[in-house]
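Right, one structure below, let's go through it.
The values are calculated or read from the model by the stated rules, or taken from the named source; none is laboratory data. Bear in mind the structure is a predicted one, so any value in this text is a computation, not a measurement. Every residue, glycine among them, receives a Cβ derived from its backbone with ideal geometry; neighbour counts consider all protein chains shown. Just the protein is used for accessible areas: all its heavy atoms, side chains included, with ligands, DNA and RNA removed. Shrake-Rupley method; radii C 1.70, N 1.55, O 1.52, S 1.80 Å.
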Amino acid sequence: MADPMRIRAQAAGDKATIRVLMSHEMETGQRKDSAGKTIPAWFIQEVTARHNGKPVLSAEWGPAISKNPFLQFSVKGAKVGDKIAVTWKDNKGETRTDEVTVS
Amino acid sequence: MKVFRIISAVLALMLAAGVQAQKTTAEGIAEYRKMLEDGNPADLFEAKGEELWKTARGPNKVTLEKCDLGLGPGVVKGAWVQLPRYFADTQKVQDVESRLLSCMATLQGFNAEELAKTPFGRGEMANITALATWIAASSRGQKFALPQSHPEEQRFFELGKRAFFFRGGPMDFSCAGCHAVDGQRIRLQDLPTLTKNPGDGVGFAAWPAYRVSNGQMWSMQLRLNDCFRQQRFPYPGFASDLTVALGVYMGVNAKGAQSIAPSIKR
Amino acid sequence: MFNRRDVLARSGQMAALLAGAGLLPMQAQAAWNAAAFEIKTMAELAKAMGASAPVESKDVVVTGPDIAENGAVVPIGVSTTLPGVKKLLLLVEKNPSVLAASFDVTDAVDAAFTTRVKMGQSSNVMAVALMNDNRVLFSQKEVKVTLGGCGG
Amino acid sequence: MKKQIVLTTIGVSLVLLAGCATGPSPAELDQQAAAMIKAAFRDQGIAKVDRIQQDLGQSACSSDKPPSEAVAKQVEAEALASIKWPTSGQYIGDWRAGERLAQNGRGMTWTDSTTDTAANGGSCYNCHQINKAEISYGNIGPSLWNYGKLRGVKDVTDPVSAAIVQYTWGKLWNSKAYSACSNMPRFGHAKLLNENQIRDIMALLLDPKSPVNQ
């Protein structure tokens with residue numbers, strides 16, 4: 001199973017800044033191993049976020065996003081104590097969701 | 001007409017960009033590094049390390065919570081900035097990774113020799129790196145103060161110093177060749193002076209670090225291992241006396257330097 | 001410096017890119033948009049022309065370092081303060097696949113996203129805003145990728 | 001592992017023998033350090049443990065103090081005598097190939113598959129500014145921008161340039177001939193680069209047509 005994400009959600013004014021680190025190889029499918037064999041592509045394709053269960057963000061990624069991806073965005077109206085959940089899904093169909101409380 | 005307006009706006013922007021590009025290379029690199037500081041993937045390894053410390057594992061199915069990192073069983077905070085140090089139970093000077101080998105063997109029942117032979121980034125070695133990352137992070141902001149009271153600690157400092165200046169290999173390189181003079185660079189990479197305290201969060205006080213070039217978490221053992229690779233030396237044993245002695249030399253020299261580990265590096 | 005023809009050519013390329021990527025006109029996407037991420041080169045894109053010409057706009061912002069010490073991790077932000085933005089795209093011109101990321105903008109989030117991309121070489125990076133009224137606005141910035149370390 | 005344990009034990013007993021107050025003498029520490037270094041390394045790929053057997057120059061330059069003048073002179077004399085001058089007196093190759101070698105920092109590590117010089121770069125930009133167009137350069141060595149031009153080289157075959165051409169070849173072949181503890185590798189002597197590769201780097205530095213001399 002994939003390692004957990006690290007999510008920080010900090011409220012400031014009328015919104016909360018969300019910073020996410022995801023544990024993922026983000027293999028492009030263009031690299032070769034030491035034996036000269038192409039390493040198959042393996043990367044996160046979809047990222048979604050929910051604020052207290054309501055979808056607020058959806059993104060599509062390609063393999064150009066760096067290994068162990070970082071994403072920062074702001075959710076309007078999110079207050080201290082609210083829940084922010086982030087989900088990713090990769091091209092192998094693996095998925096992971098983690099949730100934090102806004103502080 | 002609209003097109004012309006757009007074009008002139010674009011040209012104005014291009015001119016502005018031209019002025020901006022006057023920045024020096026060093027300033028540009030500094031700006032790049034600054035941008036990466038917030039959101040260091042080392043956090044992922046730190047979290048994994050904490051989890052591993054508290055999880056019952058190994059043949060004995062116990063946690064590492066009774067492991068003594070030098071400040072007493074289970075004390076993690078503050079331990080990092082006093083390592084490597086002498087441990088009476090093993091009668092050895094040990095760095096954090098050497099010490100983790102001992103704890104994983106005696107408490108959890110792992111085979112230390114097998115662990116030490118595991119390649120970096122694989123299996124239990126990846127776990128040791130994550131543990132070291134968390135242990136280092138637990139002393140973030142503290143100043144290095146390696147003990148030098150035990151004769152073995154003093155001896156390891158002297159041995160480490162000699163190893164630091166040891167010149168060899170097909171390119172005649174030593175640690176000192178790149179890390180004994182202020183202000184030196186390889187390509188654009190600044191080289192910390194490790195024969196003295198190079199400053200807060202520089203050199204010894206910056207590792208473990210997340211390496212963006214390969215997306216790996218690098219412990220001090222791996223850092224030294226790759227230094228020797230680049231020096232064109234043969235392969236140094238994991239947690240060997242040589243690598244621990246180099247840690248003592250650099251750590252003692254870094255006395256008073258504030259630890260920022262885990263950091264993020266090129 | 002860019003002359004008028006370059007600017008127009010760039011707009012044309014941008015339009016071609018977006019049309020080829022199935023992003024112009026706007027379409028509902030249920031699944032990951034494979035076509036968008038399969039675009040390999042600007043030349044390939046030049047074949048398919050269409051849609052309203054994208055224009056550079058100072059209201060669309062792409063942020064990033066002037067110099068990246070390592071192309072494996074280049075921090076890039078895309079944002080706009082304009083109302084009525086539907087999607088924000090992050091493009092790296094000289095990557096094998098130019099589209100790096102696409103963000104759907106809802107009322108619940110700021111149209112501002114920061115992530116990190118891989119760059120194989122020095123290149124322009126672009127933020128592209130697809131607006132509700134079908135305008136396409138973009139801005140760009142050059143990022144130099146240097147060779148760091150010993151190269152060994 | 002076994003070896004290390006034995007060595008540690010020896011180390012501890014040495015400390016005990018020397019008495020609690022003083023600890024081992026500098027000479028004893030030198031010996032212990034040598035043993036520690038020997039015990040730590042193992043072969044990996046092309047990087048064999050014989051690489052840490054030091055020659056005179058390496059051991060003379062392995063402390064925080066420079067060697068005595070006599071030793072330095074000896075190292076330099078031996079290095080100078082070791083220089084192989086180019087066959088048929090041909091010193092200059094192709095600066096374009098030289099630039100590629102200067103950019104290339106690869107070769108000779110345990111992750112490289114061969115010690116063949118064809119697999120190696122010159123690593124020049126790691127330590128030197130050379131062509132100003134390359135902004136990513138190191139500063140452990142001096143800037144080599146305008147190397148030939150500053151030294152008045154207008155024609156590399158002109159006898160007035162012979163001295164600087166020969167010195168440059170010698171420096172690339174065995175840098176220790178001119179400075180016993182030079183940080184620069186001995187590219188020819190240590191078989192890091194072959195004659196043709198050194199000719200190409202010579203051209204990068206000395207050819208009036210090279211971008212370095214514009």
Please note which strands (runs of 3 or more DSSP E) are completely contained in segment C:69-152 and include at least 1 residues that are free of Cβ contacts under 8 Å to residues at least 24 places away in the same chain. C:99-104
Every residue in segment B:198-209 that is over 26 Å from D:Ile52 (Cβ atoms) and either buried (at least 20 other Cβ atoms within 10 Å of the Cβ) or within 11 Å of chain D (Cβ to nearest Cβ) (or both), please. B:Pro198, B:Ala205, B:Ala206, B:Pro208, B:Ala209
Got a number for residues in segment A:9-29 being open to solvent by less than 90 Å² (accessible area, probe 1.4 Å), touching a residue at least 60 places away in the same chain (Cβ under 8 Å) and more than 23 Å from C:Ala72 (Cβ to Cβ)? 5
Checking B:Gly169 against (1) at positive phi; (2) within 14 Å of chain A (Cβ to nearest Cβ), which test does it fail? (2)
Looking at D:Val49, D:Val75, which is the one that is surrounded by fewer than 17 Cβ atoms within 10 Å (Cβ to Cβ) and β-branched (Val, Ile, Thr)? D:Val49
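Here is a yes/no grid of residues against (1) open to solvent by less than 40 Å² (accessible area, probe 1.4 Å); (2) more than 28 Å from A:His24 (Cα to Cα); (3) modelled with pLDDT of 95 or more:
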site	(1), (2), (3)
C:Val62	yes, no, yes
C:Glu69	yes, no, no
C:Pro83	no, yes, no
C:Ser97	yes, no, no
C:Thr106	no, no, no
C:Ala111	yes, no, yes
C:Met131	yes, yes, no
C:Ser139	yes, yes, no
C:Gly149	yes, no, no
So the check is Cβ under 8 Å with 6+ separation or different chains; which pairs have a first residue in segment D:115-141 that's within 18 Å of C:Thr146 (Cα to Cα) and a second one that's among the acidic types (Asp, Glu)? D:Tyr125/D:Glu134; D:Ile130/D:Glu99; D:Asn131/D:Glu99
Taking segment B:64-82 and keeping only residues that are in a loop (DSSP other than H, G, I, E, B), in contact (Cβ under 8 Å) with a residue 24 or more places away in the chain and farther than 14 Å from B:Ala130 by Cβ, one is left with B:Lys66, B:Cys67, B:Leu69, B:Gly70, B:Lys77, B:Gly78, B:Ala79
Inspect all residues belonging to segment B:43-55 and state whether any of them is assigned to a loop (DSSP other than H, G, I, E, B), of a type in the set (S, T, N, Q) and open to solvent by 10 Å² or more (accessible area, probe 1.4 Å). yes
If you go through A:Lys92, A:Lys32, the only one that is more than 18 Å from A:Gln10 (Cβ to Cβ), under 16 Å from the mean Cα position of the chain (by Cα), open to solvent by 50 Å² or more (accessible area, probe 1.4 Å) and away from chain B (no Cβ under 14 Å) is A:Lys92
Scan segment C:97-125 for residues that are facing another protein chain (nearest Cβ under 7 Å), over 18 Å from C:Glu38 (Cβ atoms) and aliphatic (A, V, I, L, M) and report the count. 3
Filtered residue count, segment A:69-89, keeping only those that are assigned to a loop (DSSP other than H, G, I, E, B), free of Cβ contacts under 8 Å to residues at least 60 places away in the same chain and open to solvent by 10 Å² or more (accessible area, probe 1.4 Å): 1
On the basis of being open to solvent by less than 70 Å² (accessible area, probe 1.4 Å) and at pLDDT below 95, does B:Thr25 make the cut? yes
Residue identified as in a loop (DSSP other than H, G, I, E, B), more than 11 Å from every other protein chain (Cβ to nearest Cβ) and not polar (S, T, N, Q) among A:Pro40, A:Pro4: A:Pro40
Could you list all residues from segment B:222-255 that are open to solvent by 10 Å² or more (accessible area, probe 1.4 Å), within 14 Å of the chain's Cα centre (by Cα) and among the polar types (S, T, N, Q)? B:Asn225
Enumeration of residues in segment D:43-73 that are free of Cβ contacts under 8 Å to residues at least 24 places away in the same chain and at the interface with chain B (Cβ under 8 Å from one of its Cβ atoms): D:Asp43, D:Lys48, D:Val49, D:Arg51, D:Ile52, D:Gln53, D:Gln54, D:Gln58, D:Ser59, D:Ser62, D:Ser63, D:Asp64
